[in-house]
1. Testing ILE31 on (1) surrounded by 14 or more Cβ atoms within 10 Å (Cβ to Cβ); (2) in a loop (DSSP other than H, G, I, E, B), one condition comes back false. Which one is that?
2. So, LEU58, is that one of a type in the set (A, V, I, L, M, F, W, C) and touching a Pro at 6+ places or on another chain (Cβ under 8 Å) or not?
3. For region 1-10, check the following and say yes or no: at least one residue is modelled with pLDDT of 95 or more and in contact with a helix residue (DSSP H, G or I) (Cβ under 8 Å, 6 or more places away or on another chain).
4. Say whether the condition of being surrounded by 13 or more Cβ atoms within 10 Å (Cβ to Cβ), within 12 Å of ligand 1 (Cβ to nearest atom), within 12 Å of the chain's Cα centre (by Cα) and not aliphatic (A, V, I, L, M) is met by at least one residue in region 69-91.
5. Being outside any loop (DSSP other than H, G, I, E, B) and of a type in the set (Phe, Trp, Tyr) is the filter here, so list the residues in region 68-101 that pass it.
6. So GLU52 clears everything in (1) in contact with a strand residue (DSSP E or B) (Cβ under 8 Å, 6 or more places away or on another chain); (2) of a type in the set (D, E, K, R); (3) crowded, with 17+ Cβ neighbours inside 10 Å except one condition, right? Which one?
7. Identify the residue in region 12-28 that is assigned to a strand (DSSP E or B) and not hydrophobic (A, V, I, L, M, F, W, C) and, among all such residues, is nearest to THR99 (Cα to Cα).
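The values are calculated or read from the model by the stated rules, or taken from the named source; none is laboratory data. Please read these numbers as outputs of a predicted model, since none were measured by experiment. All Cβ positions, glycine included, derive from the backbone under ideal geometry; neighbour counts span all protein chains shown.
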Amino acid sequence: MTSQTPSDCLFCKIVAGEIPSDRVAESERSIAFRDISPAAPVHVLVVPRRHEPTVGALAAASGDDLTDVFLLAARVAEQEGVSDAHRMIVNTGSGAGQTVFHAHVHVLAGAAFTEGRMV
Ligand code: 5GP
Ligand code: ZN
């Protein structure tokens, strides 16, 4: 598993506001912002403020942070009007397409569902 220190982590920089993002929601423990390269009409990333490389590592480190990521993801789906038709996707490991090694959940919804399975 690739590991990065928070100082060279893209999502830590987005959490800190050092790199701009289109933020759509936030909580004490997590932030949500639009993916820079959307794979669906709604494509939001939900990211814990705490740096852990994977969702599994986040679960081991803090159940509260893990829960909060999914609560915020559900709030984003509601805000976007897709609470009854969305996917929450987690890629783990480069072999499965993870490119940023700071835990995150993709919230996806929209036209892609009519084109078949996304995963
Ligand atoms: P992964 O492939 O690790 O599951 O997801 C990483 C996601 O981060 C990708 O969908 C990619 O488009 C998105 N991403 C990469 N760099 C940036 C960035 O600078 N800003 C935003 N908003 N999204 C990014
Ligand atoms: Zn990070």
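1. It is condition (2) that ILE31 fails.
2. Answer is yes for this residue.
3. No, that holds for no residue.
4. The answer is yes, given that some residue of region 69-91 is surrounded by 13 or more Cβ atoms within 10 Å (Cβ to Cβ), within 12 Å of ligand 1 (Cβ to nearest atom), within 12 Å of the chain's Cα centre (by Cα) and not aliphatic (A, V, I, L, M).
5. Within region 68-101, just PHE70 meets the criteria.
6. So GLU52 meets the others, but not (1).
7. ARG23
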